[in-house]
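A short worksheet on the structure shown next.
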Amino acid sequence: GSQVHALGGPPDACVVFFDIANLSIEAGLFDAVLPHFKTCTELNAGYIDAYVTASQFLSTLNRDQEALSWLDGGRDLFLRNLEWAQASQDPLKQADAARKVSLLHQAYSNVYTHMVEYEQATQHLNEAIKLSPDNMQSWVLLALVERKKGRQDNCMLICDKILSMDPNNENAYPINEHRLICTSPTEVDNFASDKQMETVTEPMTKSVSDHP
């Protein structure tokens, strides 16, 4: 009851602690980061951004197991909320709940990619895409993971799908411009590094959720 209700949106205090955590990252005050993310989730257990950004922060410090633990901490709640939304037959609630679980899977994939566990990363990206097929970032990350696994043909197929879905999407631009991410390790590494940096830094200044 109360936990599901909390998924509706964060109270102002939750956002304040989330912002303080991000400011602590920017200031290099790393010891202050996780306590503020924890307070944010205590105020609103359903604030997906806190789990995702905390996991990204930990992964950049090579604390990948802790990053996974943070995501595990919200997984059951978001899955229950998805079941509740599906049972409600409310399309808006269903879409929002699916989007949050999709973001969680995408966050798992980022950590597993950092750990060079590409099969696990692929599994989570496939789940993310199944729940939110219009999320271009999940498709781009899947293409990169396929390339890292040495599956250039799969990578190219995914790139073609991205371009057919949304050729003007900012994530598709490097694919449309070069189409080398499937064949050139240097291009892949540069693109992956750029995307990893965006993935890590953007939520620290801007919410990863469309509707926080």
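Results, tabulated for the structure shown:
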{"item": "Region 82-130, relative contact order [Cα under 8 Å, separation at least 6], %", "result": "31 percent"}
{"item": "Karplus-derived 3J(HN,Hα), 6.51/-1.76/1.60, for each residue of region 83-99, Hz, glycine and proline x", "result": "4, 4, 5, 5, 5, 6, 6, 9, x, 5, 5, 5, 5, 5, 5, 5, 4"}
{"item": "Phi-based couplings in Hz for region 44-58 (Karplus 6.51, -1.76, 1.60; Gly and Pro marked x)", "result": "8, 5, x, 8, 4, 4, 5, 5, 5, 5, 4, 5, 5, 4, 5"}
{"item": "Extension reserve of the residue 76-residue 134 stretch, reckoned as 0.36 nm per residue once the Cα distance is removed", "result": "18.5 nm"}
{"item": "Loop-located GluC sites (Glu not before Pro) in region 98-167 whose Cβ has at most 15 other Cβ within 10 Å (DSSP)", "result": "117"}
{"item": "Solvent-accessible ranking of 166, 76, largest area first, probe 1.4 Å", "result": "76, 166"}
{"item": "Integer Hz, Karplus 6.51/-1.76/1.60 couplings in order for region 26-43, x for Gly and Pro", "result": "4, 7, x, 8, 5, 5, 8, 5, 5, x, 6, 5, 5, 4, 4, 6, 5, 6"}
{"item": "Solvent accessible area, Å² - residue 156, 1.4 Å probe, full protein context", "result": "50 Å²"}
{"item": "Span from the region 95-124 Cα centroid across to the region 19-64 one, whole angstrom", "result": "18 Å"}
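The values are calculated or read from the model by the stated rules, or taken from the named source; none is laboratory data. In this text, all values refer to a predicted model and were calculated from it rather than measured experimentally. We place every Cβ from the backbone using ideal geometry, glycine too, and count neighbours over all the protein chains shown. Ligands, DNA and RNA are stripped out before the accessible areas are found, and what is left, the full protein with its side chains, is counted by its heavy atoms. Shrake-Rupley method; radii C 1.70, N 1.55, O 1.52, S 1.80 Å.
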